[in-house]
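This report refers to the structure that appears directly beneath it.
The values are calculated or read from the model by the stated rules, or taken from the named source; none is laboratory data. Keep in mind that this is a model prediction, so the values were computed, not measured. Note: ideal-geometry Cβ built from the backbone for every residue, glycine included; neighbour counts use all protein chains shown. We work out accessible area using only protein heavy atoms, side chains counted, and drop any ligands, DNA or RNA first. Shrake-Rupley method; radii C 1.70, N 1.55, O 1.52, S 1.80 Å.
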Amino acid sequence: MDELLLDVQDLSTHFMTHAGVVKAVNGVSFTLHRNETVGIVGESGSGKTVAALSLLRLVPDPPGKIVEGKILLKGRDLREVSNEEIRAVRGNDIAMIFQDPMTSLNPVFKVGMQIAEAIMLHQDKSRRDAWRIAAELLAKVGIPDAESRVNQYPFEFSGGMRQRAMIAMAISCNPDILIADEPTTALDVTIQAQIIDVVREMQAQYNSGVILITHDLGVVAEIADKVMVMYGGRTVEYGPIDEIFYNPHHPYTWGLLGSLPRLDLVEKERLTPIKGQPPDLLMLPPGCPFSGRCGYERPDECPLTMPDTEIVGPEHGVRCWIPNDERVSARSALPRFVARSK
Amino acid sequence: MTEEVVATAGEGAMEVKPLSPWADTWRRLKKNKLALIGLVIIVIFLLVGGVQEIANLLGPQNASETATAAQRPWWQRGYLAPYDPNGGDFHAGPAGPINPPSMKHLLGTDYLGRDVLSRALVATRISLLVGIIAVGIALAIGLSLGPISGYYGGAVDSVVMRMADIFFAFPYILFVLLIMTVLGPGFRNVFIAIGILSWAGYARLNRGSVLSVKQVEYIEAARAQGASDLRIIFRHVLPNTMAPIYVAIAMGIGGAILTESALSYLGIGMRPPDASWGSMITDYQTYFFAGQWWMLTFPSVALVVTVFGFISFGNGLRDATDPKLKE
């Protein structure tokens, strides 16, 4: 196993609002190694983005606050370091790619300037050198004619090119960890595939660890080594990619997989949506946040306490009250898994 | 007519490259005739005022050096005008000192036989200076406090905005008098006083834009790159909030010129014999109803036209930068 880059233990981030405490992230733990890609999946409001922002202490405070847990970057707890030190970590050790490339580049600066600025913030480089590196980076992420493109403004770039420029900016300081927050959501499907390729190439070239936040299981299947499924601020299931796709144990994971269209089926299959609404983060039940939508719920257990992690496979854990054998039989009755077993 | 429509449509269809914000603003500003007239007036005003300022800088700093300015070579007179603006001549014309416009004195002469055109030209410099200095000071204060206030919010925001409220609430002229007492007399101090008093508008205007810009993803991206707060505020947020500020500058210069005239009219500011449009209006108003209309008319027209130029250009600029008015 490669070097351990990031060890997140029991991370909890809450927002103190006028209406009450919003528990956006609730006891999330995961590890990230060099050359590894961890996918964090879950629907909107499940805490994926807040978890990622917490790693860099970018959650606006107030109202947000990391109330518990450790964020160990190569053994150093990022919750303990000073503001100066966390600024040195941002962009340099951990860099981020944002969701919407149309708004994540500053419209008043040339694209090259923005990349060069990131370089000059963290490295002792002259303006001239930084611009040269910026042009090289743009070429590296696959922007043709990078030499002249550095002198253009973001409005002269297409969406896919802007996302490439964002990636160039993120890798400009050779970070150990790359956090990609829904990098392909705002792009059309052909561009999505290209961007995923660029991320993968950059990871191979810089040996970095990648945290990929998405609700698109297709993207996860393509690039991730490990998957963490989040719901209502909690990790409900985690495991290697194949385990999650072929041996899912949590009813929420089934729901996610069931709502994914498939091309490999001869018979017509209806997508199965997850019934109900995402939970109100202000009024989470003390137990499993998925109780109430689950369908396999045990009213005297599920909403009351959160179950401990049960190991159900190699590095594969799930937090669910339903006994293992009942889960397996319930799963095999789902249309999706029936179809697969044929 | 039909040809024109076709040509425009063709042009639009061929336009592949998106326009930069500046080019787009200029394209829409060009369609606004009033704003273009305003722009022409502003350019003329800047040229005349600029030339007078240069002449003033080249001229002798001590007026008693040589007997009269008119005896020096033209580039050392301290002004660029046909006659010495402060040099009276009781035999300026056939009617003694006061003469209506003629070929010799295009805008006539005043009660001391001074050339009204020369005085009005030299006074342009004062209006230019008040515009630049007063608005410059107001911008310096307003654009440091406004962004900080909007970006940090909370207590900082409350303190700055309550300060702005106090400045808004105070009677303007009274406040200028107060500051003049502190700073001492002198026309430059008037400009400084006007500047100190008008920061609040810029601060409040900018705070509003900062509040919306600071939510945008590229600000979060800058923070994720490890940029410090000050760097984010002044390098990433501020440039994105400037469009309404440019409009406010155009309007503000017009306003500052008016304020200076009002203060000169009240006798604060320019000291005789030096001329500003406001002090000329004060000086000459009594002659207007005696039929000697030219003295009052020309500085008034200069003042009105200049302020009109700034305000109509500012209005046009606002319309051109307003995304809601995009056709």
Among A:THR31, A:GLY91, A:ILE223, flag the residue with its Cα farthest along the positive direction of the charge dipole of the stretch A:4-224, charges on Cβ as +1 for Lys/Arg and -1 for Asp/Glu. A:GLY91
At 7 Å along the Cα-to-beta-carbon direction for both A:ASN174 and B:VAL156, put a label point, then send me their distance in nm to one decimal. 3.5 nm
Using modelled amide H (1.01 Å from N, peptide plane; none on Pro or chain starts), what sits under 5 Å from the amide H of A:THR17, excluding residues fewer than 5 places away? A:VAL22
Cross-link partners of B:LYS31 among aspartates and glutamates (Cα-Cα below 15 Å; sequence separation of 8 or more within a chain): B:ASP319, B:ASP322, B:GLU327
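To the nearest 0.05, what FRET efficiency results for B:PHE288 and B:THR181 with a Förster distance of 35 Å applied to their C-beta separation?
Working: r = 32 Å, r/R0 = 0.93.
After rounding to 0.05, the efficiency reads 0.60.
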Three principal axis extents, largest first, for the C-alpha atoms of the protein assembly as shown, in Å? 119, 59, 48
How far, in degrees from 0 to 90, does helix B:199-213 lean away from the longest principal axis of the Cα atoms of chain B, to the nearest 10? 20 degrees
So how strong a dipole does the stretch B:116-325 carry about its Cα centre when Lys and Arg Cβ are +1 and Asp and Glu Cβ are -1, to the nearest 20 debye? 200 debye
Could you give the size of the charge dipole of chain A about its Cα centre, using +1 on the Cβ of each K and R and -1 on the Cβ of each D and E, expressed in debye and rounded to the nearest 20? 580 debye
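How would you order A:24-30, A:254-260 from highest to lowest mean count of nearby Cβ atoms within 10 Å? Walk me through the numbers on the way to the answer.
Details: A:24-30: 21.4, A:254-260: 19.0.
Top to bottom by mean Cβ count within 10 Å: A:24-30, A:254-260.
Take the residue pairs B:LYS33/B:LYS104; A:LYS226/A:LYS275; A:LYS70/A:LYS140; A:LYS70/A:LYS125; A:LYS70/B:LYS214 and return only those whose Cα atoms are more than 31 Å apart.
Working: B:LYS33/B:LYS104 35 Å; A:LYS226/A:LYS275 27 Å; A:LYS70/A:LYS140 35 Å; A:LYS70/A:LYS125 33 Å; A:LYS70/B:LYS214 29 Å.
The pairs that break the limit, which is 31 Å between Cα atoms, are B:LYS33/B:LYS104; A:LYS70/A:LYS140; A:LYS70/A:LYS125.
Any chance you could tell me what percent of the C-alpha pair distances in the stretch A:165-264 go past 18 Å? Don't skip to the answer; put the middle values down first.
On the way: 2496 of 4950 pairs.
Roughly 50 percent, rounded to a whole number.
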Using modelled amide H (1.01 Å from N, peptide plane; none on Pro or chain starts), what sits under 5 Å from the amide H of A:ILE40, excluding residues fewer than 5 places away? A:LEU212, A:ILE213, A:THR214, A:MET228
Based on the Cβ-Cβ distance of A:ASP10 and B:SER212, what FRET efficiency does E = 1/(1 + (r/R0)^6) give at R0 = 41 Å, to the nearest 0.05? 0.70
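Considering only protein heavy atoms and a 1.4 Å probe, what is the carbon-and-sulfur percentage of the accessible area of the stretch B:165-243? Before the final figure, lay out each step's value.
On the way: 2310 of 3400 Å².
Reported share for carbon and sulfur atoms: 68 percent.
Could you please put A:HIS215, B:HIS236 in sequence from largest to smallest accessible area, using a 1.4 Å probe?
Values: A:HIS215 95, B:HIS236 15 Å².
Reading off the accessible areas and sorting them downward yields A:HIS215, B:HIS236.
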Provide the FRET efficiency to the nearest 0.05 for the B:HIS91-B:LEU174 pair, computing r from the beta carbons and using R0 = 45 Å. 0.50
When the accessible area of each residue in the stretch B:179-227 is compared between its chain alone and the complete protein assembly (1.4 Å probe; ligands, DNA and RNA ignored), which residues differ by at least 30 Å², being lower in the assembly? B:GLU217, B:TYR218, B:GLU220, B:ALA221, B:ARG223, B:ALA224, B:GLN225, B:GLY226
Would you kindly state how much longer the chain becomes between A:ALA139 and A:ASP325 on full extension, computed as 0.36 nm times their sequence separation minus their alpha carbon distance, in nm to one decimal? 61.6 nm
Per the helix-only calculation at 222 nm, which mean residue ellipticity applies to chain B, given -39500 (n - 2.57) for every DSSP H run of n ≥ 4 and division by its residues, nearest 500 deg cm²/dmol? -22000 deg cm²/dmol
All Cα pairs of the stretch B:116-325, percent lying beyond 26 Å: 44 percent
Report ³J(HN,Hα) in whole Hz for each residue of the stretch A:240-257, in order, from the Karplus equation J = 6.51 cos²θ - 1.76 cosθ + 1.60 where θ = phi - 60°; Gly and Pro get x. x, 4, 5, 4, 5, 7, 10, 9, x, 10, 8, x, 5, 4, 4, x, 4, 5
Per residue, accessible area of the stretch B:116-325 with a 1.4 Å probe, heavy atoms of protein chains only, in Å², comes to 40 Å²
Roughly how much of B:PHE90 is accessible, in Å² to the nearest 10, using a 1.4 Å probe? 120 Å²
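For chain A, what is the accessible area per residue in Å², given a 1.4 Å probe and the full set of protein chains?
Details: 14920 Å² over 342 residues.
Per residue, chain A has 44 Å² of solvent-accessible surface.
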In whole Hz, with x marking every Gly and Pro, tabulate ³J(HN,Hα) for the stretch A:180-197 from phi via Karplus 6.51 cos²θ - 1.76 cosθ + 1.60, θ = phi - 60°. 10, 8, 6, x, 10, 4, 8, 10, 7, 4, 5, 5, 3, 4, 5, 5, 4, 4
What is the magnitude of the charge dipole of the stretch A:220-292 about its Cα centre, with +1 placed on the Cβ of each Lys and Arg, -1 on the Cβ of each Asp and Glu, and no other charges, expressed in debye to the nearest 20? 300 debye
With all protein chains modelled, accessible area of A:THR31 [1.4 Å, Å²]: 40 Å²
For chain A, calculated [θ]222 nm from helices alone, where every DSSP H run of n ≥ 4 adds -39500 (n - 2.57): -9500 deg cm²/dmol
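Trypsin sites (Lys or Arg not before Pro) within the stretch B:256-327: which are DSSP loop residues with at most 11 other Cβ atoms inside 10 Å? Numbers along the way, then the final one.
On the way: sites: B:ARG318, B:LYS324, B:LYS326; in loops: B:LYS326.
Here the trypsin sites (Lys or Arg not before Pro) that fit, given the DSSP loop and packing criteria, are B:LYS326.
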Work the Kirkwood hydrodynamic radius out for the stretch A:230-338: mean of 1/r over every pair of different alpha-carbon atoms, inverted, in Å. 14.6 Å
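Per residue, how big is the convex hull around the C-alpha atoms of the stretch A:86-203? Give it to me in cubic angstrom, could you? Intermediate values should be presented prior to the final figure.
Working: hull volume 10.7 nm³, N = 118.
Output value, Cα hull per residue: 90 Å³.
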³J(HN,Hα) across the stretch A:158-171 via Karplus (A = 6.51, B = -1.76, C = 1.60, θ = phi - 60°), whole Hz, x for Gly/Pro? 7, x, x, 5, 5, 5, 4, 5, 4, 5, 4, 5, 5, 8
For A:ARG319, A:ARG132, give the ranking by accessible area with the largest first, probe 1.4 Å. A:ARG132, A:ARG319
For a paramagnetic label modelled at 7 Å from the Cα of A:ALA221 toward its Cβ, which residues of the stretch A:303-337 fall within the zone defined by backbone nitrogen distances under 20 Å? A:331-337
With Kirkwood's inverse mean 1/r over C-alpha pairs for Rh, give me the Rg to Rh ratio of the stretch B:168-216, two decimals please. 1.19
Extension reserve of the A:MET283-A:ASN207 stretch, reckoned as 0.36 nm per residue once the Cα distance is removed: 23.2 nm
Which number do you get for Rg(Cα) / (2.2 N^0.38 Å) in the stretch A:4-224? 1.01
So the A/B interface buries, both sides summed and with a 1.4 Å probe, an accessible area in Å² (nearest 100) of 2100 Å²
How large is the accessible surface of A:MET102 in square angstrom, using a 1.4 angstrom probe and rounding to the nearest 10? 100 Å²
Going by a 1.4 Å probe on protein heavy atoms, which residues of the stretch A:89-116 end up with at least 40 Å² less accessible surface in the whole assembly than in their chain alone? A:ARG90, A:PHE98, A:THR103, A:ASN106, A:VAL108, A:PHE109
5 Å is the cut-off here: which amide hydrogens, built 1.01 Å from N in the peptide plane, fall below it relative to A:TYR231, excluding neighbours closer than 5 in sequence? A:VAL236
